[in-house]
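A short write-up of the structure that comes next.
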Amino acid sequence: MERRELLKKAGGIGAITAVGGAGVISFAGGAAASSVNITASNPASISNDRGDVTAVTANPDFDLHWENLDDAVGKVFYLVEAKVGDGGSWQPIFRATPWIGESVNNGHLRQEPGTTGRYRIKTDLAAALNQDPRFNDGNPPNSSASPLVVADEQGKPDYAGLSFPGGVDLQSFLNGVSIGSASDYPGEHEGGHQNNYHDIDAGYYGAAADTSALDNEADGTSAGTNVYLRYTFELQRPNLSQLSYLVDFSGLSSDGAKKQKAADELDWLEVSDIDAGNSKIVMNGEDGNKKFGPNFADGAGITYAALRNNASNHVGILVTNAKFVVTAVNEGSSSGVTGDSGADAA
């Protein structure tokens, strides 16, 4: 076989979180804290006649915890970036902002909103995102989402050639400030953005690179290439749009009345936790945490770079990296001939 797809899951991108007791994260003292840790194991090597890698994918699995925050967490924004090779540049490949419901769901997802809580995705990204209150209709997950494409032969999409929706341009699309909806961009099955899924309003982006840096053209040799993943998480407050899926606001016209009803019905929520418009980062400027000012809508629409740069001084931001090695084996060439001439003389 001349071509063979690389092991699909990059070793599973296994999530390891320090836990203690009955599966609850152990934090020191009563201060606000959050934690996530994601690692990656090396996938099996690929071996074929040409040392040709056709695709590298990853299936993220993570367990995110927070405890003793002053604001309730209602949403978790996360971004996955990747780069291929030590000289490659980071590229966004997937983003999502799931709305956290109230129940412990199936084996793919565990979610607990509030000032102390948890958001865990295990094994199946598509199934987990389908448990978002916006998309969970009680039926089995119907998303076409599959392991995220890190690199394939199509390569990074031509983002500069996109037709952006109103209020969005190339810069805001790539830095995360203003991006629109997943359906504003080509989907996986349209030959466009390999990791964009309209049905769960998540993804938006495509592969980080093509596979040329992963291929090994040297006959009879083995060559490894480092592949890097970077995960950025932001804990966000709930807003009225989200809560309308959990609380019946019929007959209520004012934001204040809606907030009060939500706080009355949901025991993990207080009026002061709720945003009327876009959800803001938790604890913005509180208890020594970084304050995101007017340039970031006082805590909403924060750029990817600003999130990364402030991970060390804000409890609501977490960034972690993982690395794995893709090994391509170019099988040695040989040739020969055997037979019998059937010579005879008479």
Notebook entry, point to check: Considering amide H positions built from the backbone, and no H for Pro or chain starts, which residues 5 or more places from Ala209, or on another chain, come under 5 Å of its amide H?
Noted result: Asp152, Lys156
Notebook entry, point to check: How many nm is it between the label spots at Leu170 and Ser272, if each spot is 7 Å from the Cα in line with the beta carbon?
Noted result: 4.6 nm
Checklist line | Karplus (6.51, -1.76, 1.60) ³J(HN,Hα), θ = phi - 60°, over segment 259-268, in Hz, Gly and Pro reported as x | finding: 4, 5, 5, 4, 5, 5, 8, 10, 6, 8
Check: So for the pair Ser253, Ala297, with labels modelled 7 Å out along Cα→Cβ, what separation do we get in nm?
Finding: 2.6 nm
Item checked: Relative contact order %, segment 223-306, counting alpha carbon pairs below 8 Å whose residues are six or more apart -> 28 percent
Next item on the list: State the answer as a single residue: which of Pro186, Val150, Gly176 lies farthest towards the positive end of the charge dipole of segment 150-206, with beta carbon charges of +1 for Lys and Arg and -1 for Asp and Glu, about the Cα centre.
Entry: Gly176
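Rule-based calculations on the coordinates, nothing more; no lab input. Please read all numbers here as calculations on a predicted model, not as lab measurements. Glycine gets a Cβ as well: all are built from the backbone with ideal geometry, and neighbour counts include every protein chain shown.
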